[in-house]
1. Could you list all residues from the range 122-135 that are part of a helix (DSSP H, G or I) and within 19 Å of residue 179 (Cα to Cα)?
2. Which residue is farthest from the chain's Cα centre (by Cα), if the candidates are limited to the range 231-241 and must be surrounded by fewer than 14 Cβ atoms within 10 Å (Cβ to Cβ) and of a type in the set (A, V, I, L, M, F, W, C)?
3. Kindly evaluate residue 163 against the criterion of being touching a helix residue (DSSP H, G or I) at 6+ places or on another chain (Cβ under 7 Å) and buried (at least 19 other Cβ atoms within 10 Å of the Cβ).
4. So which of 214, 228, 172 is buried (at least 16 other Cβ atoms within 10 Å of the Cβ) and farther than 25 Å from residue 135 by Cβ?
5. Could you list all residues from the range 87-117 that are free of Cβ contacts under 8 Å to residues at least 24 places away in the same chain and loosely packed, with under 10 Cβ neighbours inside 10 Å?
6. Mind listing whichever residues of the range 222-241 are in contact with a helix residue (DSSP H, G or I) (Cβ under 7 Å, 6 or more places away or on another chain) and in a loop (DSSP other than H, G, I, E, B)?
7. Looking at 161, 133, which one is touching a Ser or Thr at 6+ places or on another chain (Cβ under 9 Å) and of a type in the set (D, E, K, R)?
8. Considering only the range 21-119, give the helices (runs of 4 or more DSSP H) lying wholly within it that have at least 2 residues that are modelled with pLDDT of 95 or more and under 29 Å from residue 130 (Cβ atoms).
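The values are calculated or read from the model by the stated rules, or taken from the named source; none is laboratory data. None of the values given here were measured: they were computed from a predicted structure. Methodologically, a virtual Cβ is constructed for each residue, glycine included, from the backbone with ideal geometry; neighbour enumeration extends over all protein chains shown.
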Amino acid sequence: MRCLLENKMIPRSHRGKFGGGVSGGTIDETRPGATRRTLLIAFAAVHCQRPTERMPVTPALAISDSATAVRLQDDLREALDRGRLGLLNRQHPDGHWVGELEGDTILESEYVLLLAFLGHAIDPRLGHYLRDKALPDGGWPNYPGGPADLSVSVKGYFALKILGDSVDAPHMQAGAEVIRKLGGAANSNSFTRFYLALLGQIPYANCPTVQVEMMLLPRWFTFNIYAMSAWSRTIVVPLAW
């Protein structure tokens with residue numbers, strides 16, 4: 001993505017901030033119309049027959065070797081004891097626990113992007129955190145100790161650019177190079193592209209859409225939003241616009 005990865009600042013026309021994005025590479029720019037919505041409803045009408053019986057559940061494999069079973073039970077008991085002691089050792093005198101919820105840098109990056117869109121001030125400590133979590137060879141991982149991930153890296157790079165980091169800085173050059181090697185920002189995942197469109201880097205036509213009629217599929221249908229995790233629903237439902 002030219003505007004995001006080359007040595008130039010983000011144009012400021014979109015909402016007075018982040019306009020002038022790029023075309024989004026090879027992403028399909030077609031938008032689904034009424035025909036696809038009609039097909040979805042027709043599919044549901046034909047195939048959403050209420051099931052008369054449940055799928056059989058495969059029982060857990062039994063352990064035939066008694067010695068192996070005893071060893072596994074001992075290992076399990078030891079692991080539980082270690083976990084219990086570990087939690088007790090970390091408990092504060094008044095009974096509470098506190099600790100950092102570690103993961104990738106997506107939440108911090110998305111927070112920066114959201115604040116930028118809203119026009120709010122951004123705490124510079126977020127930039128310190130993102131720089132500290134960057135991999136030595138550039139980019140950001142999807143989990144601690146993992147390799148660079150394309151979408152996580154795109155968000156991290158974009159967030160730091162918004163925070164004012166120079167594209168000529170070594171960590172920014174390394175991040176941009178990793179993004180290009182992983183396929184470029186145009187190949188990032190759906191939610192990342194949504195943020196890029198929100199800030200004027202790509203057209204909304206480059207973002208995938210979810211048919212809003214999907215919300216009508218019942219719980220007993222093979223595919224329905226209630227079979228998704230709560231986290232997935234918070235992403236899928238807003239995309240149905």
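1. 127, 130, 131, 132, 133
2. If we take residues in the range 231-241 being surrounded by fewer than 14 Cβ atoms within 10 Å (Cβ to Cβ) and of a type in the set (A, V, I, L, M, F, W, C), then 241 is farthest from the chain's Cα centre (by Cα).
3. So residue 163 fails the test.
4. It is 214.
5. Passing the criteria: 88, 89, 92, 93, 94, 95, 96, 97, 98, 99, 100, 101.
6. Answer for the range 222-241, where residues must be in contact with a helix residue (DSSP H, G or I) (Cβ under 7 Å, 6 or more places away or on another chain) and in a loop (DSSP other than H, G, I, E, B): 228, 240.
7. Among 161, 133, only 133 is touching a Ser or Thr at 6+ places or on another chain (Cβ under 9 Å) and of a type in the set (D, E, K, R).
8. Numbers: elements: 34-47, 66-89, 106-118.
Once the helices (runs of 4 or more DSSP H) in the range 21-119 are filtered for at least 2 residues that are modelled with pLDDT of 95 or more and under 29 Å from residue 130 (Cβ atoms), what remains is 106-118.
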